[in-house]
Amino acid sequence: MRLHMKLKSSIAAVLMLGAAGLGFTTQAVNADAIDDIVKAGAINVGIFSDFPPFSSASADMSIKGYDIDVAQSIADQLKVKLNLVSVTGQNRIPYLTDKRVDLLMSVGYSKEREQVIDFAAAYAPYYIAVIGPAALAVKGKEDLADKSIAVNRGTLEDTSLTEAAPASADIRRFDNYNSVIQAFISGQTQLMVVGNDVGAQVLARQEALKPEQKFQLLTSPSHIGLNKKEDRLKQAVNDAVAKMLADGKLDESSKAWLKTPLDPANLKD
């Protein structure tokens, strides 16, 4: 009888330990990224460290740009410190899935990427634009007829321009963006076609030429990437972006870094 009672007590103790262990396991499973972020008091955000005007080193060597403004707003929303983590195009998805970062900035949506990661709200306009001097009247693709246009060879810009331009357009292809910009600035071409990241640098620096965006050829906004099944973190990111839209801060960042007012239509895929 005593042996039977001891055996029952031992089994009960094991079951209690098992239940406690199960409770711990369930708690660990239920814990998500936002809990870890709040507990750590910091959020790790992956950025390209040399990707102006979205993120690049400033005169004081701190990283600044459009992406940094948005990342800081997300950190403020969560009331935690912002930790910027430099990533590359090759390692940034593994950094996210390995949880070395909590979020990734400047992620273009694709069905292939959606198999691996999730996407929060679009927050940054990315589009391919035709840029020319203010004095040159160009409003649409039909106005490209008989115009000389610089573009980076073999890029999405090249493909988009080739599809849109009339047959009489003089498309001049160069091997890199610096050559495209130089051809336009020096007057070798009347127009150039670049992404708004490259275009912003030209718009900011060429006051004499007074370049402006004429029209867009393609729109594909940037999203914030995060791991799958992180619904609370995704909602917090979406809330932060919505707040920046509502209070005008996203527009301020666009004017400061992209040198153009924010058009919410450019945040739609």
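Here are a few things to note about the model shown:
- Test result for A137, surrounded by fewer than 14 Cβ atoms within 10 Å (Cβ to Cβ) and out of contact with any Phe, Trp or Tyr (no Cβ under 8 Å at 6 or more places or on another chain): yes
- Filter pass, S73 being buried (at least 17 other Cβ atoms within 10 Å of the Cβ) and without any contact (Cβ under 8 Å) to a residue 12 or more places away in the chain: no
- Among (1) of a type in the set (V, I, T); (2) within 30 Å of K229 (Cβ to Cβ); (3) assigned to a loop (DSSP other than H, G, I, E, B) - the single one V138 does not satisfy: (2)
- Any hit, region 147-160, residues being out of contact with any helix residue (DSSP H, G or I) (no Cβ under 6 Å at 6 or more places or on another chain), surrounded by 19 or more Cβ atoms within 10 Å (Cβ to Cβ) and more than 26 Å from F54 (Cβ to Cβ): yes
- Residue selected from region 175-203 under the condition out of contact with any helix residue (DSSP H, G or I) (no Cβ under 8 Å at 6 or more places or on another chain), under 15 Å from P133 (Cβ atoms) and not polar (S, T, N, Q), by the criterion surrounded by the most Cβ atoms within 10 Å (Cβ to Cβ): G199
- Filtered residue count, region 257-269, keeping only those that are of a type outside the set (S, T, N, Q) and surrounded by 15 or more Cβ atoms within 10 Å (Cβ to Cβ): 5
- Entry remark, region 84-99: residues being of a type in the set (A, V, I, L, M) and assigned to a helix (DSSP H, G or I) number 2 in total.
- Qualifying position, being out of contact with any Pro (no Cβ under 7 Å at 6 or more places or on another chain), closer than 23 Å to L250 by Cα, of a type outside the set (K, R) and without any contact (Cβ under 8 Å) to a residue 12 or more places away in the chain, among A57, A137: A57
- For region 99-121, taking the residues that are polar (S, T, N, Q) and out of contact with any strand residue (DSSP E or B) (no Cβ under 6 Å at 6 or more places or on another chain), the one that is surrounded by the fewest Cβ atoms within 10 Å (Cβ to Cβ) is identified as Q115.
- Every pair of residues 6+ apart whose Cβ atoms lie under 8 Å, when the first sits in region 254-269 and is within 18 Å of F119 (Cβ to Cβ) while the second is at pLDDT 90 or above and part of a helix (DSSP H, G or I): P264/L245
- Search result, residues across region 235-251 that are closer than 20 Å to P53 by Cα and in contact (Cβ under 8 Å) with a residue 24 or more places away in the chain: V241, M244, K249, L250
The values are calculated or read from the model by the stated rules, or taken from the named source; none is laboratory data. Keep in mind that what you see is a predicted model, and the values were worked out from it rather than measured. Here Cβ is always computed from backbone atoms with ideal geometry, including for glycine, and neighbour counts include all displayed protein chains.
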